[in-house]
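The values are calculated or read from the model by the stated rules, or taken from the named source; none is laboratory data. Here the structure is a predicted model, which is why all the values come from computation and not from measurement. Ideal geometry is used to build each Cβ from the backbone, glycine not excepted, and the neighbour counts take in all protein chains shown. Note: areas computed on protein heavy atoms with side chains; ligands, DNA, RNA excluded. Shrake-Rupley method; radii C 1.70, N 1.55, O 1.52, S 1.80 Å.
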Amino acid sequence: MKNVWLILKLIRYLLVSIICLTLIFIYKEDITFHPMKYTFEMQHMYFFITTAILPFFRLKHQSWFISDGEPVVSYKQKALDLHHQDLAQNHKDRKWTSNGVYTNPFEYTSVDTMSHDNMSEWLYSIAKSVIMSILFIFFGPIFIVIGIYVKYKS
């Protein structure tokens, strides 16, 4: 089962790298849509080779391509969290309060604000993945040298 997930990951990374390569070719106007035409140049061999290497490099250095840091939290959610923390710490012996615990039957059923926190995290992760993939396709040997340097330094 682990090998199946690994193969699916490699296929996903290959699809992202092909999309990035297509974006590069569209930017360089090597692919045109009116009329549909592809112009081959010798430098495209380099792009094809780095595109083929990219999924394996991404698998080895996932933190370079995927955002896995602290989740993005909106200011509304931070304010609501601080409000709940303040109520839990300072509002004691009230009508609906036992010491250290705050409950309000009139509060919304959801303790989260209506925000786009998860969506912004997802979009940031995709943008980082695409931008790093495009940079890898352009500057593949530099990434490989840095990866080898980091591996042997640690």
Requested in this report: Sort out which residues of region 33-54 are in contact with a Phe, Trp or Tyr (Cβ under 8 Å, 6 or more places away or on another chain) and over 18 Å from P141 (Cα atoms), and write them in order of number.
Outcome: Y38
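Keeping to region 1-37, report how many residues are in a helix (DSSP H, G or I), surrounded by fewer than 12 Cβ atoms within 10 Å (Cβ to Cβ) and among the charged types (D, E, K, R).
Restricting attention to region 1-37, the residues satisfying the condition of being in a helix (DSSP H, G or I) are 2-27.
Subset that is surrounded by fewer than 12 Cβ atoms within 10 Å (Cβ to Cβ): 2-8, 11, 15, 27.
Filter once more, so that each one left must be among the charged types (D, E, K, R): 2.
The number of residues fulfilling the criteria is 1.
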**Report entry** Residues satisfying the stated conditions in region 38-47, i.e. among the hydrophobic types (A, V, I, L, M, F, W, C) and loosely packed, with under 12 Cβ neighbours inside 10 Å
**Finding:** F40, M42, M45
**Report entry** Residue match in region 67-77 (condition: of a type in the set (A, V, I, L, M, F, W, C), open to solvent by 40 Å² or more (accessible area, probe 1.4 Å) and part of a helix (DSSP H, G or I))
**Finding:** no
